[in-house]
Each structure stands twice: as C-alpha cells, then as structure tokens.
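These notes are about the structure you will find just below.
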Amino acid sequence: MIVAVHQPHYLPWLRYVDKVVRSDVFVLLDDAQFTKNGWQNRNKIKTPQGWTYLTVPVEDPFGKSILEVRICNREGWRKKHWNALRTSYGRAPYFRRYAEAFEAVYAREWESLCDLNLHLLGVILEAVGVRTRLVRSSELGICGQATERLVAICRALRADVYLTGDYAAQNHLDPDLFRQAGIEVVGQNWHCPIYRQQFPQIGFIPDLSIVDLLFNEGSHALEILMGRPDRPMPLVAARIP
C-alpha cells in the first residue's frame, strides 16, 4: 500500500498529480498551516508572453490552517481566472472537451480555499482518469508533528510505502521513524515530460498546472504524465523559466 501526503493545491501542477497517480491513497493535509506565497492558492499557466501565476486572493491567512483560510471575493478573481484560461487555451485541441466542467467551477462563488481546491482536484482527476482514493487528514483524527504524524497517518492507513515528493524532500523527514514502523520511504524522482503546448514560439515550459497538459493532450494526458505516451512526442527544446 503506497501512501502520499500533501497539502491541497490550487490547479495543481503536473508533479502533484503524478504523485496522486502513483499512490494507492493520497492524504490531503488540509489542517496544515497555510503557507504564504506557496502553491495552496496559486499556480502557473502558459500565456503568449510566457508563464504567469493565477492566484486566488485570501483573507488574512497568517497563522491559520488551510481549512480556516477564507477567499477574498471582492477582487473578482473568478472572472479573471476563467478569462485567462479561455485566452491561453481556447485554441488548444481539447479545451472545449473540458471547458464546461471548469466554467462551472468559476461560475460558483467560493468562501473556503480548501473547498475550492478539493473540488477542483476532483474535477481534474476525473478528467485525467485517476481513481486514487483521497483522504482528508482532518478526518483521520491523528495528532502529532512532522515525521511522527506522517508515520501515524501511514500506519492508520496500513501503508508499507510512503511516497515523498522527491529525494531532496526527504531532508525534512526522519527516516528512522519510518524504518521502525516498517514503512519504506520512496522518492517520487519527478521528471517533467515533454508534450504539446500552445505558443511553441516561446519554447516548452515545464512544471505548469495540470490544465496545461489536459487542454493540450486530452485523453493522452495520463499516459504522458506516467511516461508512457502512445504517440510520438514532438522534439521541443525545454527551457526553465
């Protein structure tokens, strides 16, 4: 049983969804403290000028858990984000296939950042075709800090493997605690796949929101994400923004 744990992200990037796919159970750490300038309320999309952030404005999140963070709806962010997606991806091959589901998200007024992120994750996983079991940490009733809590979560879910973001991410873990519990720690070892993107004149941009892959590759998205493309990939020189 492979378990991974991560905070809920807004329009999560490819690396995040890859982690969900590679897990049997994915725990959404919704009661962790909100991180300013993190990925819990923003992510990147590609535009004709390069990448840009889409950021959900929030109300005074300092010291609050993700569950407690409220969205600031005075700034008209829903219209702005939907217009940005339509402008950047309106001509993408599969945008029309998924447009209705995403438009419905932005037509709805959201108060809770966590509710928005979890709903969007569900829309995205259904579109990609992922059936990983999702669990909210706030519903597990497991206390503790850092590695101790991660181990307790894994034990409660009968995990024998804990999937961490990458090998560098293990620096904040105590591997001895996992070892004592009989749980193997495995790094994700992420490499962004090359796939078709809009605006090829500015080059390939890696590690964008999963919507970039979904709108451009549609039913091929999961195979590409997992490194099993079922058709030849374009030869595009990658650049790091």
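Quick note: the coordinates plus some simple rules give every number you see, no bench work behind them. Computed from a prediction, not measured in an experiment: that's the story for all the values here. Ideal geometry is used to build each Cβ from the backbone, glycine not excepted, and the neighbour counts take in all protein chains shown.
Observations on the structure shown:
- When the alpha carbon gyration tensor of region 1-114 is reduced to an equivalent ellipsoid, the three semi-axes, largest first, read 24, 20, 13 Å.
- About the centre of its Cα atoms, the chain shows a dipole size close to 780 debye [charges on the beta carbon of Lys, Arg (+1) and Asp, Glu (-1) only; nearest 20 debye].
- For Kirkwood radius over Cα pairs in Å, the value computed from the atomic coordinates appears in the list (i) 20.0; (ii) 18.8; (iii) 18.2 under label (ii).
- Bridge type composition, region 1-144 - antiparallel percent by DSSP, nearest 5: 55 percent
- Under a model in which nothing but the beta-carbon of Lys, Arg (+1) and Asp, Glu (-1) is charged, region 37-149 shows a dipole of about 580 debye around its Cα centre.
- For region 73-115 versus region 170-196, the gap between their alpha-carbon centres in whole angstrom: 33 Å
- Between GLU59 and ARG74, the modelled labels are 1.0 nm apart [label points 7 Å from Cα along Cα→Cβ].
- Rg over Rh, two decimals, region 61-151 (C-alpha only, Kirkwood Rh): 1.05
- DSSP-defined beta bridges in the chain - what % are antiparallel, rounded to 5: 40 percent
- Rounded to the nearest whole Hz, the Karplus-based 3J(HN,Hα) values (6.51 cos²θ - 1.76 cosθ + 1.60, θ = phi - 60°) of region 142-156 follow the sequence 10, 9, x, 10, 6, 5, 4, 6, 4, 5, 4, 5, 4, 5, 5, with x at glycine and proline.
- On the beta carbon distance between GLU184 and ALA84, with R0 = 30 Å, the FRET formula returns roughly 0.15.
- Dipole of the chain, positive end: most advanced residue of VAL56, ILE142, ILE45 [Cβ charges, Cα centre]: ILE45
- TRP13 long-range amide H proximity, modeled H, under 5 Å: ILE210
- Dipole orientation for the chain: of the candidates CYS192, TYR94, SER209, TYR94 has the Cα lying most toward the positive pole (charges on Cβ; Lys, Arg +1; Asp, Glu -1).
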